Amino acid sequence: VPTLTWRSTMTVPRVITLIENESKFKLRFNPAVELNKYKNKKNEINISLSKEINLSNNDIVKSGCFDINFNADMTTADNLIISFGNILEKLDIYFDKKSGIVTIDRSKSGQTAFSNFFKNNILCNSLQLKKSQDLNIRILIDKTSLELFWNNGENVMTALFFPVYQYDFVKISGNTSTDFIKGFNLSGFSK
């Protein structure tokens, strides 16, 4: 990574719980609830139901430090795409229901030339939907780090990225014409 003093970052503090799911035990990772004390409740966006989210030139995203929560009803959608970026750069997250793969693509996210490996997609083949087909998603962005939680913390991915220019948009869509994004919340953090 293109840093001198620090080679990487630590993730947000997490609460780890053991759950039993269909006679199997699994760990669940979620951000510590104390993080909620730092959310700026005066500056948040809530959308109850939509087929897509497209927030451009958004001040919360421009702050570089925010929290996104929503549910996606994947009954009619085979994929879900979440994009962050600006007019020249973007970071994409893909949920592919058919393959069961979640992908973080940072190949166009900003500075990537420092390593050929940095442009490679980060993959996780653990997209397992519940019978209800609901996918719970939480994303934490802090300037140059992304933490992605889904299935209520049963799956987690973390990635670094290095934008050259300030990100100013978030877009969420899927290959469905129905309203499948439920309870969307975008919150910034107080400084």
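Observations
- Test: residue in region 105-120 that is of a type outside the set (D, E, K, R) and on the phi > 0 side of the Ramachandran plot: yes
- Yes/no for Phe25 being touching a Leu at 6+ places or on another chain (Cβ under 9 Å) and either on the phi > 0 side of the Ramachandran plot or not in a loop (DSSP other than H, G, I, E, B) (or both): yes
Quick grid of which residues meet (1) open to solvent by 70 Å² or more (accessible area, probe 1.4 Å); (2) charged (D, E, K, R); (3) more than 13 Å from the chain's Cα centre (by Cα):
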residue	(1), (2), (3)
Asp105	no, yes, no
Ile141	no, no, no
Asn152	yes, no, no
Val156	no, no, no
Gln166	yes, no, yes
Val170	no, no, no
Thr178	no, no, yes
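- Only listed residue being touching an Asp or Glu at 6+ places or on another chain (Cβ under 9 Å), more than 22 Å from Leu135 (Cα to Cα) and of a type outside the set (Ser, Thr, Tyr), chosen from Lys39, Lys98: Lys39
- Among residues that are open to solvent by 30 Å² or more (accessible area, probe 1.4 Å) and under 22 Å from Thr75 (Cβ atoms), Ser132 is included.
- Residue within region 108-130 that is closer than 18 Å to Asp179 by Cβ, outside any loop (DSSP other than H, G, I, E, B), in contact (Cβ under 8 Å) with a residue 12 or more places away in the chain and hydrophobic (A, V, I, L, M, F, W, C) present: no
- Cβ pairs under 7 Å, 6+ apart, first in region 76-89 and over 25 Å from Ser63 (Cα atoms), second open to solvent by less than 10 Å² (accessible area, probe 1.4 Å) and outside any strand (DSSP E or B): Thr76/Phe180; Ala77/Phe180
- Sub-7 Å Cβ pairs linking a first residue in region 46-69 that is more than 14 Å from Asp168 (Cα to Cα) to a second residue that is of a type in the set (Gly, Ala, Ser), at least 6 apart or interchain, are Ser48/Gly183; Lys51/Ser177; Glu52/Ser173; Asp67/Ser187, ordered by first then second residue.
- Yes/no for Asp67 being closer than 24 Å to Val12 by Cα, touching an Asp or Glu at 6+ places or on another chain (Cβ under 8 Å) and assigned to a strand (DSSP E or B): no
- Given (1) over 20 Å from Asn155 (Cβ atoms); (2) of a type in the set (S, T, N, Q); (3) surrounded by 14 or more Cβ atoms within 10 Å (Cβ to Cβ), number of the condition Asn71 does not satisfy: (1)
- Scanning region 79-98 turns up at least one residue that is modelled with pLDDT of 95 or more and surrounded by fewer than 15 Cβ atoms within 10 Å (Cβ to Cβ).
- Segments classed as strands (runs of 3 or more DSSP E), wholly inside region 141-191, with at least 3 members that are of a type in the set (Gly, Ala, Ser) and farther than 23 Å from Asp73 by Cα: none
The values are calculated or read from the model by the stated rules, or taken from the named source; none is laboratory data. None of these values were measured; they are calculated from a predicted model. Ideal geometry is used to build each Cβ from the backbone, glycine not excepted, and the neighbour counts take in all protein chains shown. Quick note on the areas: whole protein, heavy atoms, side chains included, nothing else; ligands and nucleic acids left out. Shrake-Rupley method; radii C 1.70, N 1.55, O 1.52, S 1.80 Å.
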